[in-house]
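Report on the following structure.
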Amino acid sequence: MQPQFYNIVNDELRSSKETHRVTDPRTEEELWECPVATAEDFEDAVTAAQQAFTKWSQTTVPERQALLIQLADILRANASELASILMKETGKSKILADIDVQASVAQCLYYSQTALQDEVQHEDTHSRVVATHIPLGTVAAICPWNFPLILSNIKVVSALVTGNCVIVKPSPSTPYAVMRWVELSRGVLPPGVFQVLNGGAELGAAMTAHPGIAKISFTGTIAVGKKVMAACAKTLKKVTLELAGNDACIVCDDADLDVAVPAVASGGFFNAGQVCVASKRIYVHESIYDEFLDRLVEVVEKQFAIQEDGLAPSVFGPVDNRVQYEVVKGIIEDCRNKGYKIVTGGKTEEVKGKGFWLPPTIVSRPPEESLLVQEEQFGPVLPILSWSDEDDVIKRSNLANAGLGASVYSSDLARAERIARRLEAGGVWINQFERPNFGAYFSGIKDSGFGGEMGKQGLLSYAYTKCLHFPK
Ligand code: NAD
């Protein structure tokens, strides 16, 4: 039997006249019908959220945290169904789909233990000032496709623990698992607190314009992020933007290659490079360049080879959707047409019979101004550049238009830290590839974002801080 998917408004399952189907990126099979939310669904969801907010906003942090534990239990109990839906809609292997579910469980549990506390901000002989954090209202979570559950769930749990209602809009490329997740969680939270609507740019834009939405938490491209921010200005909505990066990775001459080579391979090719903080530009010290490149190619060919069977133990997969597939294909073809040295991969036609497959591709020393180096590839193609002067590589690493993550490999931790502190990015990883930690603030600087999420600091963007001034 075909699984059914619904928009969820006020705990009600809603179908729609308009539907769409996602293409399985592994096989190009058309998946299930998915209802597209109407303008009326959206209006009803905002009304339901506003009604629910009156009581929900008065619940205590421990009450809400107890409900997060119940949400984690539901995710766990339905992990296998959610992972199999994710595998179909994203093309992820079982290992990757399981990560999407299990990390979402961990997010619920993390916030069941972490919340904003009141704090005394000032005290003297005349007064005592206590800062307290109050919810904003209804949050709209506008999400991308690369980790459908993790990236929407972080917004959901952050909004809920701070006492907000939340309406999730998954990417239309990957709506199914998120819709099922909200459906499964019905009954845990009061109706109207946690809702989901499927739709594309039109629905996203409507969310950014609606006066009943207090905050937009957006993850996606820089171009759309700018539109979101401009639209939010009209109603002075709070806004968090988690946007694209083009992460530099610096490998020093004293790096332990037994650590650096496999880590850089994972940084570049985990989930076929479709990670916002993937290592996207690799700068290797000239004195170890040849050895590093040979060893990297060997690891990548062995560990990131295409495995058509989603159950194979692999963290590599196809490109998630046709639009992104064409983007990455175009970047590889540009490298080929310009005569850059492709040391592995590079094929873009007939890679497999069906599916949005591209082989892991490594390009040696493309020019700094090439498309591959300047643009976010967000796919399985990696430029390996070289350097010999520390100031020069830091200058090349720091971009004017992006600064999400970065990584540094050196056996000398003091040296690695010195470089890390000079890299203009929201997070820098040392002797490891970029892996967000839900206890650590995650944000992009420059065009890579506005505000951030995760950790205690991330919660501040889901609340107003109100000061209570007591006399002494
Ligand atoms: P996208 O910007 O195309 O779409 C993101 C979401 O915005 C989707 O839900 C889409 O329907 C919606 N949208 C489109 N137009 C809109 C509009 N005018 N108003 C409101 N919403 C609109 O991004 P994508 O292709 O889904 O995601 C890939 C990008 O996301 C990559 O650039 C990646 O680096 C970035 N990303 C960033 C992070 C991070 O935390 N910084 C995490 C994951 C992905």
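Miscellaneous remarks
- Listed from fewest to most Cβ neighbours within 10 Å, the set Met207, Met1, Met179, Met454 follows the order Met1, Met454, Met179, Met207.
- Antiparallel DSSP beta bridges within the stretch 123-209, as percent of all bridges there, nearest 5: 10 percent
- Percentage, to the nearest whole number, of Cα pairs in the stretch 248-430 over 20 Å apart: 50 percent
- Maximal additional length on extending the Ser287-Leu413 stretch stands at 43.4 nm, based on 0.36 nm per residue less the C-alpha distance.
- Length available on full extension from Arg435 to Glu123: 0.36 nm per residue minus the Cα-Cα distance, which gives 108.3 nm.
- The calculated FRET efficiency for the pair Glu369 and Ala312, based on their C-beta separation and a Förster distance of 41 Å, comes to about 0.60.
- Karplus (6.51, -1.76, 1.60) ³J(HN,Hα), θ = phi - 60°, over the stretch 312-328, in Hz, Gly and Pro reported as x: 5, x, 9, 10, 10, x, x, 5, 5, 8, 4, 4, 5, 4, 5, 4, 5
- Of Lys302/Lys329; Lys302/Lys354; Lys329/Lys354; Lys237/Lys446, those spanning more than 18 Å from alpha-carbon to alpha-carbon: Lys302/Lys329; Lys302/Lys354; Lys237/Lys446
- In degrees, nearest ten, helix 257-269 long axis to first principal axis of the chain (Cα): 60 degrees
- Between Glu390 and Ser57, the modelled labels are 5.2 nm apart [label points 7 Å from Cα along Cα→Cβ].
- Average projection area in nm² (convex hull over Cα atoms of the chain, one quarter of hull surface): 23.7 nm²
- For the chain, with +1 on Lys and Arg beta carbons and -1 on Asp and Glu, the positive-most of Leu371, Gln102, Ser410 along the dipole: Gln102
- Label point at Thr47 placed 7 Å out along Cα→Cβ; residues across the stretch 191-207 whose backbone nitrogen lies under 18 Å: 191-197, 207
- Exposure proxy order (Cβ contacts within 10 Å, fewest to most) of Asp44, Asp124, Asp392, Asp98: Asp124, Asp392, Asp98, Asp44
- Cβ-derived FRET efficiency at R0 30 Å, Lys302 paired with Lys354, nearest 0.05: 0.75
Just so you know, all these numbers are worked out from the coordinates, no wet-lab data involved. Worth saying up front: this structure is predicted, and the values here are computed from it rather than measured. Glycine also receives a Cβ, built like all others from the backbone with ideal geometry; neighbour counts cover every protein chain displayed.
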